[in-house]
Amino acid sequence: MIRAKINEIFCSVQGEGLYLGQKQIFVRFAGCNLACDYCDETKAMGSGNFSLQSPEQVIKKIKLLQKKENPEAVSLTGGEPLLQAVFIEKLMPMIKKTGLKIHLETNAVLFREFKKIAKMADVIAADIKLPSAIGNSLWSEHEEFLKIAPKKTFVKIIIASNSKLNEIQKAFDLVNKVFREMPVFIQPVTERISENGNKQVKRPNDRIICEIRSLALKQLYRFKILSQQHPIWGVK
Ligand code: SF4
């Protein structure tokens, strides 16, 4: 029987991106193929923080939350959900039957896995990861990914205190190359102490944000600079 590593399933309000403020059920998959230095999902990244669940168990929880909370969509998030693409392929038709929209939140690297499920997703929230955050470049993987379902996709670029203007420029070039009309969310990282208390994640300074804004005004078709809102609202 197919089962996935599920970290948690809960209902909340979307705090990022194009569907900001929408009530959604979040299915958080455990495990990730990257290790971003600002990651705020260390619990989902950890090896022991999950339970193995079947598609039937997950859809049962989704239906219960749908009845209780009346959300508009299910957000498949992580970690990196596409690490468990075979499971997602099974789960998506079940979600479709509930009438809820399906959003996929992904680091937009695993394009081969994405191909299998792209048609069934309604919205793709795709990160473009800057080399300064992950320690290597994944431009070609991002390009392959974004080319698969560009009209369903909006892009998120997280800006940290060590982000460089030249890599942000490369991210903008990539969007313009694949599909110029794709909405872009430039998200200054949320300042905080990491969950284990060992590391401080610092916001980018105002100067670089102004420089990025000037670049974006000249080059992007549609963009917003928007921080994560759920820590401000005090919701998960
Ligand atoms: S891709 Fe997301 S979950 Fe994975 S390490 Fe980066 S921020 Fe964390």
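Annotations for the structure displayed:
- In the stretch 163-180, the residues that are under 21 Å from residue 16 (Cβ atoms) and either assigned to a strand (DSSP E or B) or of a type outside the set (Val, Ile, Thr) (or both): 163, 167, 171, 172, 174, 179
- Of everything listed in (1) exposed (fewer than 15 other Cβ atoms within 10 Å of the Cβ); (2) at pLDDT 95 or above, the single unmet condition for residue 167 is (1).
- The residue that is farthest from the ligand (Cβ to nearest atom), counting only those in the stretch 144-155 that are crowded, with 16+ Cβ neighbours inside 10 Å and more than 14 Å from the chain's Cα centre (by Cα), is 150.
- Boolean, residue 85 is outside any helix (DSSP H, G or I), within 16 Å of the ligand (Cβ to nearest atom) and within 30 Å of residue 70 (Cα to Cα): no
- Only residues that are exposed (fewer than 15 other Cβ atoms within 10 Å of the Cβ), under 23 Å from residue 229 (Cα atoms) and within 16 Å of the ligand (Cβ to nearest atom) were counted across the stretch 38-69, and they come to 1.
- Residue selection: residue 156 satisfies the criterion of being basic (Lys, Arg) and part of a strand (DSSP E or B).
- Of all the listed residues (35, 73, 4, 30), the sole one being more than 16 Å from the ligand (Cβ to nearest atom) and either within 20 Å of residue 109 (Cβ to Cβ) or in contact with a His (Cβ under 8 Å, 6 or more places away or on another chain) (or both) is 73.
- Flag for residue 162 being out of contact with any strand residue (DSSP E or B) (no Cβ under 9 Å at 6 or more places or on another chain) and closer than 30 Å to residue 215 by Cβ: yes
The values are calculated or read from the model by the stated rules, or taken from the named source; none is laboratory data. Since this is a predicted model, take the numbers as computed values, not measurements. Neighbour counts are summed over all protein chains in view; Cβ atoms, including those assigned to glycine, are modelled from backbone coordinates with ideal geometry.
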